[in-house]
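Right, one structure below, let's go through it.
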Amino acid sequence: MKRILTILLIGLLLASCKQENRTDFVINGNAEGVYNGIRVYLKNLDEQGREIFLDTAIVMDGKFTLKGSVEEPSIHFISVDGTQGNAILMLENSEIDVEINKQNLLESKISGSESHEGYAAFEEGIKKIREEGREVMKHYRQVKLPEEAAKRDSLSKELEKVSIKLAEHPLNFVKENNDMYFSLNLIGLEANKPKFEVAKFMEAYDNLSSNLKESAKGQEVKKKLDALYEEYQKTAHLEEGKIAPNFEAPTPDGDIISLNDIKGKVTVIDFWAAWCGPCRRENPNVVRIYDMYHDQGLEIIGVSLDGQSRQQDPKKAWLDAIEKDGLKWYQVSHLKYFNDPVARLYNIQSIPATYILDADGKIVAKNLRGKALENKVKELLEKA
């Protein structure tokens, strides 16, 4: 009986040893074809997306070793001097094998990191979408005859769908894999992109498993999302599909008119200024569009951002530009440059800038110029 208890005790001790979490990582690198003395770097990114170097190694006889520890699985990068790009891996405290592909570091093979399987699955999804796109593009290039225009248009729409699918892949992956560390890291990476749909990713984050959200990385990502969401809220009312906010402003004669007073079947809010060269060069095109479509229901309201300190007489400059450029539509301005209340309401950071509204006053497009503006006005009037 005593011997049995001893065996059981030893078994329990061995089991507990196996379950003990490792506290460090070792990356065993195989860099076949890379010269001796070439340096290899292990990096990650800080909250601002800047590279941080964590370890470096020198290739000798096609081998290198990187060591360290991480608090939890997270995205890291391996670069090699003289080779473009980075190998991407989900780094965790384990023994990891990396086989460097010096022709394309992204194609390097990584094994030994369980959490890296999430990244591999994500990349596989991207590869399938791109293969789909290449197949459609192959057929698209084969369609050349005039009588095949309908087929070409159909393939063009398929290409557009593939492009949308590729853009939506990160968000869809996070939604479908809410218990993977890579999903958490993917949100952090996507948040560094200029066009980041913060509201949708906030929702995806909320659906992550509790252990991910409670982790140090989870808290870091949440902090970043909260900051981005706060900024997003300032301009959320200006998204396409939202009703354009109403405003009141003085005309050159000092009368007050509002956006709601003048809206037509299609309305263009045109932010410009007498001192703005690109605005003045675009004005003849806007005049042409107004002449073509005003009788069909197009209205335009110009909001001038005149009033910069270098203008001796901002109002005179504004009125002279209206007359010289032949602007026949409604004009308003507080003559306060970029501090104009309407410009601030519409988050105008540069001009020329336009908001295009449909018959219901919804924002349907922004910052269209030239032929693109004409096409959108024509399309909306046909629907009205």
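Express the relative contact order of region 290-339 as a whole percentage, based on alpha carbon pairs under 8 Å and six or more residues apart in sequence.
The value is 48 percent.
Stretched out fully, how many nm does the piece from R141 to Q84 gain, at 0.36 nm a residue minus the Cα gap?
17.4 nm
Once you've got the Cα coordinates, tell me which of K165/K217; K109/K161; K165/K200; K165/K376 are over 22 Å apart.
K165/K217; K109/K161; K165/K376
With a bin width of 10 angstrom, please list the P(r) values of the chain as percents of all Cα-Cα pairs, from the 0 bin to the one holding the largest distance.
Going out from 0 Å in 10 Å bins, the chain shows 4, 16, 19, 18, 17, 14, 7, 2, 1, 1, 0 percent.
Treat region 160-238 as a sphere of radius equal to its Kirkwood radius over Cα pairs and apply Stokes-Einstein at 25 °C in a medium of 0.890 mPa s; give the translational diffusion coefficient in µm²/s, rounded to a whole number.
Once the numbers are plugged in, D ends up at 190 µm²/s.
Run the accessible area of the chain with a 1.4 Å probe and give the carbon-and-sulfur part as a rounded percent.
Answer for the chain is 49 percent, counting heavy atoms of protein chains only.
Quick one: longest stretch of the chain between exposed loop trypsin sites (Lys or Arg not before Pro), exposed meaning at most 10 other C-beta atoms within 10 Å and loop per DSSP?
The segment 196-309 is the longest one with no such site.
Kirkwood Rh and Cα-based Rg: tell me the resulting Rg over Rh for region 325-384, rounded to two decimals.
My calculation of the ratio gives 1.00.
Relative to the present Cα-Cα distance, how much length would full extension add between E240 and D226 at 0.36 nm per residue of separation?
2.8 nm
Among the aspartates and glutamates, which have Cα under 17 Å from the Cα of K222 when same-chain residues fewer than 8 positions away are ignored?
D46, E47, E72, D179, E190, E197, E203, D206, E214, E230, E231
Straight-line reach from K336: which aspartates and glutamates have a Cα under 15 Å away, not including same-chain ones fewer than 8 places off?
Qualifying aspartates and glutamates at Cα under 15 Å: E248, D306, D313.
With a probe of 1.4 Å, find how much accessible area region 101-182 has per residue, and write the answer as a whole number in Å².
Dividing the accessible area of region 101-182 by its residue count gives 69 Å².
Just the accessible area per residue of region 184-290, please: how many Å² with a 1.4 Å probe?
Heavy-atom SASA per residue in region 184-290 reads 50 Å².
Average the reciprocal distances over every distinct pair of alpha-carbons in region 208-361, invert the result, and give the Kirkwood radius in Å.
17.4 Å
Distance from the Cα centre of region 303-321 to that of region 17-95, in angstrom?
58 Å
The values are calculated or read from the model by the stated rules, or taken from the named source; none is laboratory data. Model, not experiment: these values are computed from the prediction. Reconstructed Cβ throughout: ideal geometry from the backbone, glycine too, with neighbour counts over all protein chains shown. Surface areas here come from the heavy atoms of the whole protein model, side chains and all, with no ligands, DNA or RNA. Shrake-Rupley method; radii C 1.70, N 1.55, O 1.52, S 1.80 Å.
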